[in-house]
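Structure, as C-alpha cells:
The values are calculated or read from the model by the stated rules, or taken from the named source; none is laboratory data. Everything quoted here is computed from the prediction, not taken from an experiment. When we count neighbours, we look across all protein chains shown, and the Cβ atoms used for this are built from the backbone with ideal geometry, even at glycine.
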Amino acid sequence: MAKPKKRYICTECGSVSHRWQGQCADCGQWNTLEEERAETTFSARHDLSKGGRAIAFEALDAPTQPLERQSTGLAEFDRALGGGVVPGSAILMGGEPGIGKSTLLLQASAAISRKGGDVVYVSGEEATGQVRLRAGRLGLADAPIRLAAATSVRDILTTLGDDPPPAMLVVDSIQTMHSDMIEGAPGTVSQVRASAFELIRYAKENGVALVLVGHVTKDGNIAGPRVLEHMVDVVMSFEGERSHQYRILRALKNRFGAVDEIGVFAMEGQGLEEVANPSMLFLSGREEPVAGSAVFPALEGTRPVLVEIQALIVRLQSGATPRRAVVGWDSGRLAMLLAVLESRCGLNFSSAEVYLNVAGGYRLSDPAADLAVAAALVSALSDKPLPLRSIWFGEVSLSGEIRPVAHAGLRLREAAKLGFDRACGPAEGGQDVPKLRYSAVSGLTGLVDRVMASA
Ligand code: TYD
Ligand code: MG
C-alpha cells in the first residue's frame, strides 16, 4: 500500500500544502502551517466528517474594529461608496467608453495625493503623456501622483513590492492587464480573472484600496467574466448619456455599505463637477404644458430627484409592426404597462408606435415611476397635456391598481419646495403638504379619467 502523504494546513487561511514551509505560500503568514492529524484508515480518507480541523465559532456581537474609511476627496464619490473607500478593498469601476471613468479616477487620485496619500495610477490604455495632458487640462498637474503606463501585472507588483504600499492603486483598465502565470491575450476571461486575482491579493495583504476600471459591453454588463464582480468588494457603475452633461455614479454591489446612494456629476470643460443638489437637473425647464410629458419625483438613496418622462405616440395607417423604443427605462416594464392600459382601461396602442424618453440622460430604476409613465402615455395618446406643475408617482400592478411607494412624504416635500403644486399618487402614503395638493388615484381607470378631464 502506498505511503499516505502528509498534508500541512495553514491555520490562518486554511490552504493546504504537501510540504512544510516557514511561510504560507497563499496568505504569506509565517509559522502557520500545521501538520494534519494523520488519519490514514480507508474510512477516514473516504469520510469527510473525520480528519479535519475543528473550526472555532464566534458570536455575532463579538468586538470588531470599526471600518476605517478614507475620503476620495470628491464628496459625491464618497457618498456613492457609502462614506469613502475602505483600505484593503477592491473596487470595480464599470462604464461605457468615454463616459469619464479615467477623468473621475484621476480627479480622485489627485485629491487624495494632495492630502498626503500615496496614489499609484497605472494606465494600460493610455500613454503617460496622454494622462499628463488630461491632468494639465484639469489643473491637476501638480498633484504628487505616481503615474506609470504598464500592462504586466508582474511588473506592477514587482515595482510596488519594493516600496511601502500606496494608499490607493488605480488600474485603468483590467482588460488591458496581462498575467504571465497563464496563457492568453489580455482581455480574455482567464487573463482578466488571473490579473484581477493577483492585484486583489496584493491589495488585501497590504491594506491598499484598489480601483480596477472595467469596460462594459453593449448590454451594460462588465466585460470579461461575471466572476470579476464576485471577486471585488464593490462594483460601481458610471452612467449617463455621452451627449448629455450629467453622470451618475452608482454602487451595484457594496460589501461595506448600502447600494442606494448615488453620486451626481456634470462633465464640464474643467472635468467632472460635483452636483450636490441634483433635484432639478433632469427637468427640461419647459414653460408651456405639453402633451406626453409627466414629472416623476424619483428617489436616489435619500435624495429626491425630479425627472421628466416624455412619451410620443404615432398612429400607423398601414398594418406594419409598430415600434416601441425606450430610453432610460426598462422596455419590459413599458410592455407590461401598455398591456395593463389596454386590458384594464380599454385604450388601444396596438396600431401605434410608442416612444418613451427620460429627459437628461437619466436612467430610472424606481418602480414608483409606473404611474408617471402611464400618465405620460395617456396624455400623449389623448393629446391632453398634464397640468404644468404636477407630479405623478405610484407602482402599477397587473390588475391596474396603484400601489403605495416608499418615502412618499420626502418626494412630496421636495416637489413642493421646487414649486410644484399638485401631486397624484396611491391612496396610501400620500397627503397634502404646504403649497401642494395631493390627490389619490385608486386605479389606472381613475388615472385615465383624470388625464382626459384635464384640459
Ligand atoms: P474619459 O475619462 O477618458 O472616459 P473613459 O475613461 O470612461 O473612457 O473621458 C471621456 C470624455 O470626457 C472625453 O470624450 C472628453 C470628456 N471630457 C470633458 O468633457 N471635459 C474634460 O475636462 C475631460 C478631461 C474630458
Ligand atoms: Mg479611460
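Scanning the range 127-163 for residues that are surrounded by fewer than 16 Cβ atoms within 10 Å (Cβ to Cβ), in a loop (DSSP other than H, G, I, E, B) and within 16 Å of ligand 2 (Cβ to nearest atom) turns up just one, 127.
Within the range 57-113, the only residue that satisfies the criterion of being in contact with a Gly (Cβ under 8 Å, 6 or more places away or on another chain), of a type in the set (Ser, Thr, Tyr) and in a helix (DSSP H, G or I) is 103. Only a single item in (1) away from ligand 1 (no atom under 16 Å from the Cβ); (2) at pLDDT below 80; (3) touching a helix residue (DSSP H, G or I) at 6+ places or on another chain (Cβ under 9 Å) is not met by residue 202, and it is number (2).
Residues of the range 63-98 that are closer than 22 Å to residue 197 by Cα and within 16 Å of ligand 2 (Cβ to nearest atom): 91, 92, 93, 94, 95.
Checking each residue of the range 68-88 against the condition of being buried (at least 18 other Cβ atoms within 10 Å of the Cβ) and within 15 Å of ligand 1 (Cβ to nearest atom) gives at least one match. Residues of the range 311-341 that are surrounded by 13 or more Cβ atoms within 10 Å (Cβ to Cβ), outside any loop (DSSP other than H, G, I, E, B) and not small (Gly, Ala, Ser): 312, 313, 324, 326, 327, 333, 334, 336, 337, 338, 340, 341.
Only one of 234, 290 is modelled with pLDDT of 80 or more and farther than 18 Å from residue 357 by Cβ. Can you tell me which? Reasoning before the result, please.
Working: 290 fails: farther than 18 Å from residue 357 by Cβ.
Of the residues listed, the single one that is modelled with pLDDT of 80 or more and farther than 18 Å from residue 357 by Cβ is 234.
In the range 147-158, the residues that are within 19 Å of residue 183 (Cα to Cα) reach residues that are surrounded by fewer than 16 Cβ atoms within 10 Å (Cβ to Cβ) with C-beta atoms within less than 6 angstrom, at least six apart or across chains, in these pairs: 154/180.
Let's see how each residue does on (1) of a type in the set (Ser, Thr, Tyr); (2) out of contact with any Gly (no Cβ under 9 Å at 6 or more places or on another chain); (3) under 22 Å from residue 67 (Cβ atoms); (4) touching a residue at least 12 places away in the same chain (Cβ under 8 Å):
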position: 242; (1), (2), (3), (4): no, no, no, yes
position: 246; (1), (2), (3), (4): yes, no, no, yes
position: 250; (1), (2), (3), (4): no, no, yes, yes
position: 253; (1), (2), (3), (4): no, yes, yes, yes
position: 258; (1), (2), (3), (4): no, no, yes, yes
position: 262; (1), (2), (3), (4): no, no, yes, yes
position: 267; (1), (2), (3), (4): no, no, no, yes
position: 272; (1), (2), (3), (4): no, no, no, yes
position: 275; (1), (2), (3), (4): no, no, no, yes
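Tallying residues that are buried (at least 20 other Cβ atoms within 10 Å of the Cβ), away from ligand 2 (no atom under 13 Å from the Cβ) and among the hydrophobic types (A, V, I, L, M, F, W, C) within the range 99-126 yields 5.
In the range 164-176, the residues that are more than 16 Å from ligand 1 (Cβ to nearest atom) form Cβ pairs under 7 Å with partners that are of a type in the set (Asp, Glu), at six or more places apart or across chains, as follows: 166/118; 167/118. Restricting the search to strands (runs of 3 or more DSSP E) fully inside the range 237-307 and requiring at least 1 residues that are more than 16 Å from ligand 1 (Cβ to nearest atom), of a type outside the set (Asp, Glu) and in contact with a helix residue (DSSP H, G or I) (Cβ under 9 Å, 6 or more places away or on another chain) gives 246-254, 262-268, 293-300.
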